[in-house]
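Have a look at the structure below before the remarks.
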Amino acid sequence: MRAWMLLCVFLITPFAHAADKAQQAYWAGFAYTGEQAARSKVAPHSTRVIDQRGAEALNQQLSSALRRQPPAHLQLISDQLAKLDGTTSATVLAAALDRELVSVEPIGDQYKVLVEVALQALFFDFRERQVIASYPVTLQRIDLQDDRPSEGDIDAIIADLLYGTAATALPQVLAQTLANAQLPNASMRRLQVGGVALSDAARAKLPDPAMEATLRATLAHELSKTLSSNTGIGLLPPATGEAIGGAMAARFADGKVYQLKIPEPDYVVTLTLDAMKSGVVNETAAMKTMLFGAFFQVKVTEPFSGKVYFDQSLRKGATKVVPVTQWRVDQWSANYETVLAGFDAFAGAAAKRADSRAWLDEQKPGGRPLQQQIQALQELIKSCR
């Protein structure tokens, strides 16, 4: 069954691009995915900030960043989108916001604040209303504050992530993400992160059971992002969160509404988070060293034939030094960061990254079956380029 996604796009002011690029895309600017009514639930702070500051101001900063660092393989056309009538094929690019994640944890007499905004550089066929490729983006800020942050404090962090001038803000991150992006041709295979599941053991580690659905969507986004950034390929949007099923209240600035089809993937990656473990491995009078471990299963299949290219249990460890003066350890954040490090290690192996050999040697049982499946996965990635 095909999935559908709706998109709300805000048109932008024109800017010039080099005319010698083989591939073209009509730059549509900032967008929302998902139901309009759900924005206050999935991205309340981002929605409020953009309503206050304006999408046009954000588009101007995105345009400026893309002028400073234009894509190497794409010619972006920014002043002709309104003229498209759907009679000819045209590729449109939007910077689409999916959701946000805000976590405030007391650490001693301070508060650790984690803010993430999940977006994607989304390419779609304007005539067919069909997604072509997605390059996921995550904006993140971690602060340690003396006082519990107010709603206004969180808004200020979101505003800086979306409108800021730092290298970690959206304008610069988007330009960097698109720097070497290429549109797939008709012969390229399409990869998608599909289902994400949590074992009972992993579910028991959640600080709040109500966050499971959001976490599954976040893990799918993060696995898609690290696969894209390591391999250089654009994926289909994950089959979780806003890309599941049908309707989102979405519209262009001129009021037009578009429903985007998610085409069937050629290959699907499924993830099961099996466990998150931790323990003290060394302790002195001044500090202790903790080891965090993430255990997860990754399976890569071809839906049409049922062929399995990769199916392995994987693990990733990370250490954290904690001073004795810190009476409380934010174990959830450490677990989450270890899981993301595991995703990066897996994606690095899929991309033949030089440092992946040591991580592969740590896997149990590992051995020849793992090496053979990694090689099959690497060949699969080649077919998606």
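The values are calculated or read from the model by the stated rules, or taken from the named source; none is laboratory data. If you're wondering where the values come from, they're calculated on a predicted model, not measured in any experiment. Cβ placement follows ideal geometry from the backbone for every residue including glycine, while neighbour counts extend to all protein chains displayed. The area values use the complete protein model at the heavy-atom level, side chains included, leaving out ligands, DNA and RNA. Shrake-Rupley method; radii C 1.70, N 1.55, O 1.52, S 1.80 Å.
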If each of Asp147 and Asp311 carries a label point 7 Å out from its Cα toward its Cβ, how far apart are those two points in nm? 5.6 nm
Would you mind telling me which residue in Phe346, Phe126, Phe304 has the biggest mean-square fluctuation in a Gaussian network model of the chain, where springs connect alpha carbons within a distance under 10 angstrom? Phe304
Please give me the summed charge of the neighbours of Asp143: other residues whose Cβ is under 11 Å from its Cβ, Lys and Arg +1, Asp and Glu -1. -1
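Using a 1.4 angstrom probe, figure out how much accessible area the chain has per residue, in square angstrom, rounded to the nearest whole.
On the way: 16890 Å² over 385 residues.
In whole numbers, the chain has 44 Å² accessible per residue.
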Just need the relative contact order of segment 128-189 here, percent rounded to a whole number, with Cα pairs under 8 Å and 6+ apart. 34 percent
At a 1.4 Å probe, what is the % contribution of carbon and sulfur to the accessible area of the chain? 50 percent
Please identify the longest segment of the chain free of exposed GluC sites (Glu not before Pro), where exposed means a DSSP state other than H, G, I, E or B and no more than 16 other Cβ atoms within 10 Å. 129-361
How big, on average over all directions, is the shadow cast by the Cα convex hull of segment 247-385, in nm²? 13.5 nm²
Name the most mobile residue of Leu191, Leu84, Leu219, meaning the one with the largest mean-square fluctuation, in a Gaussian network model of the chain with Cα contacts below 10 Å. Leu84
Counting only complete DSSP H runs, which helices of the chain cover 24 Å or more along their long axis at the Cα atoms and score a mean Kyte-Doolittle of 1.6 or above? none
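Can you pull the Kirkwood radius for segment 41-113, inverse mean 1/r over Cα pairs, to one decimal in Å?
Result for segment 41-113 stands at 16.1 Å.
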Around Phe310, which amide H atoms from residues at least 5 apart in sequence, or from another chain, sit under 5 Å from its own amide H, with H modelled in the peptide plane? Val300
For the pair Arg328 and Glu264, the simple spin-label estimate (label points 7 Å beyond Cα toward Cβ) gives in nm 5.1 nm
Order of exposure, largest accessible area first, which applies to Ile132, Ile381 with probe 1.4 Å: Ile132, Ile381
Rh by Kirkwood over Cα pairs, then Stokes-Einstein D for segment 25-78 at 0.692 mPa s and 37 °C, µm²/s: 258 µm²/s
For Glu379, put the label point 7 Å out on the Cα→Cβ axis and report which residues of segment 298-325 keep their amide N under 13 Å from it. 308-310
In nm, spacing of pseudo-spin labels at Arg357 and Gln372 (7 Å Cα→C-beta vector): 2.2 nm
Interchain or long-range residues, amide H under 5 Å from Gly29's placed H: Ala95
With Rh as the Kirkwood radius over Cα pairs, segment 172-211 has Rg/Rh of 1.25
Expressed in nm², what is the orientationally averaged projection area of the convex hull enclosing the Cα positions of segment 162-231? 7.1 nm²
Tell me the relative contact order for the chain as a rounded percent, counting alpha carbon contacts under 8 Å between residues six or more apart. 18 percent
Enclosed volume per residue, in Å³, of the convex hull spanned by Cα atoms of segment 111-208: 174 Å³
The chain, Gaussian network, Cα under 10 Å: of Ala179, Ala285, Ala294, the residue fluctuating most is Ala285
Mind giving me the FRET efficiency for Lys83 and Thr289? R0 is 56 Å, r the Cβ-Cβ distance, nearest 0.05 is fine. 0.35
Assuming 0.692 mPa s and 37 °C, estimate D for segment 334-385 with Stokes-Einstein, Rh taken as the Kirkwood radius over Cα pairs, in µm²/s. 282 µm²/s
For the chain, I need the span (max minus min coordinate) of the C-alpha atoms along each principal axis, in Å, sorted largest to smallest. 69, 52, 36
One finds the C-alpha centres of segment 333-385 and segment 122-185 to be spaced, in Å, by 26 Å
From the P(r) of segment 260-321, could you give the percentage of C-alpha pairs in the tail past 16 Å? 62 percent
